[in-house]
Amino acid sequence: MTFTATLAKIADLAAQYPNNISLQCFDPIYFSTLPEADKKRLLQCLKSGIENPQSEMGCYACQPSDYDDFRPFFSKALAAYHKVSDTAKQVNDWSLAHVQGLPKGGVLDLSDLGLPALSMRVRVGRNLADFPLPAAMTQTQRVALETRMMAAFEVLMADPAYGGSYYSLTPGTPNTIDTQTYQDLVDAHLMFKDMSADSYLVSGGLAAHWPHGRGCYVSSDRRFIIWVGEEDHLRIMCMEHGTVLNQVFDRLKTALDVVSGIDGLSFATSQDYGFVTSCPTNLGTAMRASVHIPLPKLTADGTDSKAKAIAKPLGLSVRGAGGEHTPIGADGTVDISPSARFCITEAQIIAALYKGLAKLKAQEDSAV
Ligand code: ADP
Ligand code: ARG
């Protein structure tokens with residue numbers, strides 16, 4: 001398609017889909033100022049939003065420098081999604097000492113809210129600075145990234161604090177797992193779902209060459225996990241059944257410091273935007289802190305509609321029991337996490353989960 005035809009299509013779709021942020025933020029005048037190669041790059045970022053016009057965000061960065069190189073577009077899209085100013089800057093800070101209004105000693109114990117032990121998880125997205133982002137990788141680059149990570153996992157496996165194994169989906173390697181093992185890991189929430197079934201990731205190019213270069217590292221206690229080759233190069237997470245949110249949060253910070261100190265792993269950052277991620281929704285902290293919590297009253301109709309309506313003003317997102325775009329669990333279990341990732345610190349995110357759950361529990365208790 002010519003640039004003229006693509007611009008006409010964007011204008012037409014923008015008129016039909018007012019909730020697609022990327023289509024709304026696309027400015028043909030700014031586009032016309034770009035050299036031809038950059039025009040192609042910017043349109044590549046918008047491809048998933050054009051092919052899936054019902055998208056909310058509607059774009060993925062393709063190179064770590066895209067947010068800075070195409071700032072006139074991305075700053076507007078970030079402002080619209082994260083409801084911040086278009087000159088907003090990210091500050092990263094894991095110290096709970098800088099967060100107001102926390103329980104004594106900063107211990108975020110869910111049992112103090114009257115909640116039982118829950119499955120707690122904190123993940124961050126990270127991308128290596130010296131590869132294109134997943135939307136623009138060749139198959140060779142995907143496999144090279146996995147090989148780089150396998151060397152890093154050797155360091156973790158040799159450390160008694162981590163140990164564990166690497167499971168690869170790349171066909172024909174010594175670490176390749178069979179379909180059943182893959183499904184068991186997905187069901188245990190340790191491994192990510194088939195990316196080739198996600199139309200946003202397919203259109204954006206992030207699912208290309210599936211399952212080459214994909215896999216996951218799992219520590220020997222199965223509580224520290226690193227995904228390789230999903231929406232971001234790496235998704236690094238801690239997961240545990242319990243009540244003290246600090247346990248997963250603190251362990252993740254410690255482990256991240258270890259991982260980022262391993263030779264060959266330099267994470268992509270932007271001076272103003274913090275940690276670079278494929279999707280602008282994750283930019284900044286790239287952190288999602290969640291619990292799996294049964295809300296039987298708020299989900300009594302078998303859907304998450306009521307829970308979503310109540311969670312939204314509390315700054316919380318509701319996902320299904322299998323993650324994004326999945327249904328709620330049979331007993332009304334949902335995945336609750338603070339929605340904010342950008343222009344918020346990591347410490348504020350974990351505190352927002354604790355404070356939000358206190359309010360959500362009150363709503364669940366008083367629901368009829
Ligand atoms: P992401 O969290 O990386 O944005 P998803 O929402 O798709 O991606 O979730 C990925 C996986 O993590 C899914 O299997 C989901 O059920 C699981 N998960 C998320 N939060 C929790 C939790 N608190 N406890 C257990 N599993 C969780
Ligand atoms: N690309 C989709 C959209 O624009 C999903 C965005 C949020 N989810 C994500 N996994 N990044 O609506």
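Here are the numbers for the structure shown:
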{"quantity": "Point-charge dipole on Cβ atoms (K/R +1, D/E -1) for the stretch 62-201, about Cα centre, debye to 20", "calculated": "420"}
{"quantity": "Amide H contacts under 5 Å for Thr173, placed H, 5+ residues apart", "calculated": "none"}
{"quantity": "Sites Lys40 and Arg71 - FRET efficiency at Förster radius 22 Å, r taken between beta-carbons, to 0.05", "calculated": "0.80"}
{"quantity": "30 Å Cα-Cα threshold exceeded, pairs from Lys104/Lys359; Lys76/Lys308; Lys39/Lys253; Lys40/Lys312; Lys9/Lys89; Lys39/Lys193", "calculated": "Lys39/Lys253; Lys40/Lys312; Lys9/Lys89; Lys39/Lys193"}
{"quantity": "Percent of Cα-Cα distances greater than 33 Å, calculated over the chain", "calculated": "30"}
{"quantity": "Within the stretch 197-230, backbone nitrogen closer than 17 Å to the virtual label 7 Å beyond the Cα of Met1 toward Cβ", "calculated": "200-205"}
{"quantity": "Dipole in debye (nearest 20) - the chain, about Cα centre, beta carbon charges: Lys, Arg +1; Asp, Glu -1", "calculated": "620"}
{"quantity": "Amide H partners (placed H, <5 Å) of Asp93, local residues excluded", "calculated": "Glu346, Ala347"}
{"quantity": "Under Karplus coefficients 6.51, -1.76 and 1.60, residue-wise ³J(HN,Hα) of the stretch 101-107 in Hz, glycine/proline x", "calculated": "x, 9, x, 3, x, x, 7"}
{"quantity": "Among Leu265, Leu314, Leu34, residue whose mean-square fluctuation peaks in a GNM of the chain (springs only between Cα atoms under 10 Å)", "calculated": "Leu34"}
{"quantity": "Added length on full extension, which subtracts the Cα-Cα distance from 0.36 nm per residue, Asn175 to Gln16", "calculated": "52.5 nm"}
{"quantity": "For the stretch 205-220 versus the stretch 298-338, the gap between their alpha-carbon centres in whole angstrom", "calculated": "27"}
{"quantity": "Charge context of Asp198, other residues only, Cβ under 15 angstrom, K/R +1, D/E -1", "calculated": "-2"}
{"quantity": "Förster radius 45 Å - calculated FRET efficiency between Lys9 and Asp112, Cβ distance, rounded to 0.05", "calculated": "0.25"}
{"quantity": "Estimated dipole of the stretch 254-319 in Debye, rounded to 20 [Cβ of Lys and Arg +1, of Asp and Glu -1, Cα centre]", "calculated": "480"}
{"quantity": "Distribution of pairwise C-alpha distances over the stretch 89-238, 5 Å bins, in %", "calculated": "2, 8, 16, 18, 18, 13, 10, 8, 5, 2, 0"}
{"quantity": "For Gly274, residues with placed amide H under 5 Å, excluding near neighbours", "calculated": "Gln90"}
{"quantity": "Residue of Pro18, Pro132, Pro53 that the Gaussian network model of the chain assigns the largest fluctuation, springs spanning Cα pairs under 10 Å", "calculated": "Pro18"}
{"quantity": "Residue-by-residue Karplus 3J(HN,Hα) for the stretch 143-151, coefficients 6.51, -1.76, 1.60, Hz, glycine and proline x", "calculated": "6, 5, 5, 4, 4, 4, 5, 5, 5"}
{"quantity": "Highest-MSF residue in the chain out of Arg235, Arg142, Arg71 [GNM, Cα springs under 10 Å]", "calculated": "Arg71"}
{"quantity": "Whole-Hz couplings from phi, Karplus 6.51/-1.76/1.60, listed for the stretch 303-320; x for Gly and Pro", "calculated": "10, 9, 4, 5, 4, 5, 5, 7, 6, 4, x, 8, x, 10, 9, 10, 10, x"}
{"quantity": "Förster-model FRET efficiency, 45 Å R0, Arg222 and Ala88, C-beta, rounded to 0.05", "calculated": "0.75"}
{"quantity": "5 Å-binned pair-distance histogram of the stretch 52-127 (Cα, whole percent)", "calculated": "3, 10, 13, 16, 16, 12, 12, 12, 6, 1"}
{"quantity": "Convex hull per residue volume in Å³, alpha carbons only, for the stretch 1-114", "calculated": "157"}
{"quantity": "Label-point separation in nm, Thr326 to Gln183, each point 7 Å along Cα→Cβ", "calculated": "1.4"}
{"quantity": "Linear extension gain, Ser165 paired with Gln363, 0.36 nm per residue minus alpha-carbon span", "calculated": "67.1 nm"}
{"quantity": "Whole-number Å³ per residue for the convex hull built on Cα positions in the stretch 93-163", "calculated": "189"}
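Since every read-out is calculated from the coordinates, none of them should be taken as a lab result. Keep in mind the model is a prediction, meaning the values are calculated, not measured. No Cβ is skipped: glycine too gets one built from the backbone with ideal geometry, and neighbour counts run over all protein chains shown.
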